[in-house]
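The values are calculated or read from the model by the stated rules, or taken from the named source; none is laboratory data. Worth saying up front: this structure is predicted, and the values here are computed from it rather than measured. Heads up, the Cβs are rebuilt from the backbone with ideal geometry, glycines too, and the neighbour counts pull from every protein chain shown.
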Amino acid sequence: MAELYPDLKDRPVKETICLFDVDGTLTPARQAVSAEMLQTLSKLRHKCAIGFVGGSDLPKQQEQLGTPSLPVTTLFDFCFAENGLTAYRLGQSLPANSFIQWLGEEKYQKLAKFCLRYISGLEGLPAMRGTFIEFRNGMINVSPVGRNASKAERDEFEAWDKGTKCRSKMIEAIKKEFPDIGLTYSIGGQISFDAFPHGWDKTYCLTQVEAEADTSKGFSGVHYKNIHFFGDKAFQGGNDWEIYQDPRTIGHAVKGPEDTMAQLKELFDV
Ligand code: M1P
């Protein structure tokens, strides 16, 4: 059963929200969350607001963080999937933004065909599985091995990519072919990279956090002055970098879920 939490304005640690990356921060990459982490988050939610901001889409976060009887949107005050392009506040969806509307079908198809041609020309890929481009609401996700890769095939691709720099080289090739397309490319996980319009990185979700101060829109009126962000890819080129070093946030670099829990214990005694 879903637990009851104080209203956002009544949480004892005032004007404070903790935002978390998902893969490598709340869970091991693409794996399920532990019971201990869920318990820690629940304790924290009694003290301040909590949210996740992940590059993946909501069905993947549901798989990793939720259970069939507990939707992920009930476990956090704010759910920011696809960097916040798909957002939920207190279980209710907020207006979404669209990658395809922004880019247009014609440019998108040119980009998609280039990616598919590039992948088909790669030599030495350890495996090729299905879904080389995953089309999402706020971005596309491109994977040379394919999103249908198994756990073992993911690990194998990741090791191969470390040696060959396949993903970085592919991104360079796209940038050369489409110098003015206005997209940012981000390697956030093991087997793929995300492509989204400039500025639609994880900082995108901060606008929504700031909007919480606006009672005229039906929000709580809380002005979050302390926005903590926890992420494992808080280095230049990592997909947590922009939000980690944004002046609006207090950034915490973590080494993995255990470290996240240790830092929360230290900061909030949970
Ligand atoms: O959350 C980090 C990344 O997780 C997945 O990456 P991969 O499948 O390569 O491990 C993807 O959902 C990606 O979009 C996301 O940024």
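Per-structure values
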| item | result |
| --- | --- |
| Candidate set: segment 162-184, residues that are part of a helix (DSSP H, G or I) and charged (D, E, K, R); chosen: the one nearest to Lys113 (Cα to Cα) | Glu177 |
| Some residue of segment 108-123 being farther than 12 Å from Asn137 by Cβ, at pLDDT below 95 and not basic (Lys, Arg) | no |
| Residues located in segment 41-65, provided they are touching a Leu at 6+ places or on another chain (Cβ under 9 Å), surrounded by fewer than 20 Cβ atoms within 10 Å (Cβ to Cβ) and not charged (D, E, K, R) | Ser42 |
| Some residue of segment 169-182 being within 22 Å of the chain's Cα centre (by Cα) and on the phi < 0 side of the Ramachandran plot | yes |
| Which listed residue is touching a strand residue (DSSP E or B) at 6+ places or on another chain (Cβ under 6 Å) and among the acidic types (Asp, Glu), from Asp259, Asp246, Asp240 | Asp240 |
| Subset of segment 145-158 that is assigned to a helix (DSSP H, G or I) and exposed (fewer than 12 other Cβ atoms within 10 Å of the Cβ) - its residue that is farthest from the ligand (Cβ to nearest atom) | Ala152 |
| Total residues in segment 14-33, condition assigned to a strand (DSSP E or B), in contact with a strand residue (DSSP E or B) (Cβ under 9 Å, 6 or more places away or on another chain) and surrounded by 23 or more Cβ atoms within 10 Å (Cβ to Cβ) | 4 |
| Arg136, sole failed condition from (1) under 27 Å from Asp180 (Cα atoms); (2) among the charged types (D, E, K, R); (3) modelled with pLDDT of 95 or more | (3) |
| Matching option when the condition is farther than 26 Å from Leu8 by Cβ and more than 12 Å from the ligand (Cβ to nearest atom), among Ile140, Ile119, Ile50 | Ile119 |
| Residue list for segment 102-138, restricted to those being within 21 Å of the chain's Cα centre (by Cα) and of a type in the set (S, T, N, Q) | Thr131, Asn137 |
| Residue within segment 34-43 that is outside any helix (DSSP H, G or I) and touching a Ser or Thr at 6+ places or on another chain (Cβ under 8 Å) present | yes |
| Residue in segment 209-222 that is within 12 Å of the chain's Cα centre (by Cα), within 28 Å of Lys9 (Cα to Cα) and surrounded by 20 or more Cβ atoms within 10 Å (Cβ to Cβ) present | no |
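Matching residues to (1) within 11 Å of the ligand (Cβ to nearest atom); (2) more than 14 Å from the chain's Cα centre (by Cα); (3) closer than 22 Å to Gly138 by Cβ; (4) hydroxyl-bearing (Ser, Thr, Tyr):
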site	(1), (2), (3), (4)
Ala35	no, yes, no, no
Arg45	no, yes, no, no
Gln62	no, no, yes, no
Leu65	no, no, yes, no
Thr73	no, yes, yes, yes
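Rundown of residues vs (1) within 16 Å of the ligand (Cβ to nearest atom); (2) aromatic (Phe, Trp, Tyr); (3) under 15 Å from the mean Cα position of the chain (by Cα), yes/no style:
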| position | (1), (2), (3) |
| --- | --- |
| Cys166 | yes, no, no |
| Gln190 | yes, no, yes |
| Pro247 | no, no, no |
| Asp259 | no, no, no |
| Lys265 | no, no, no |
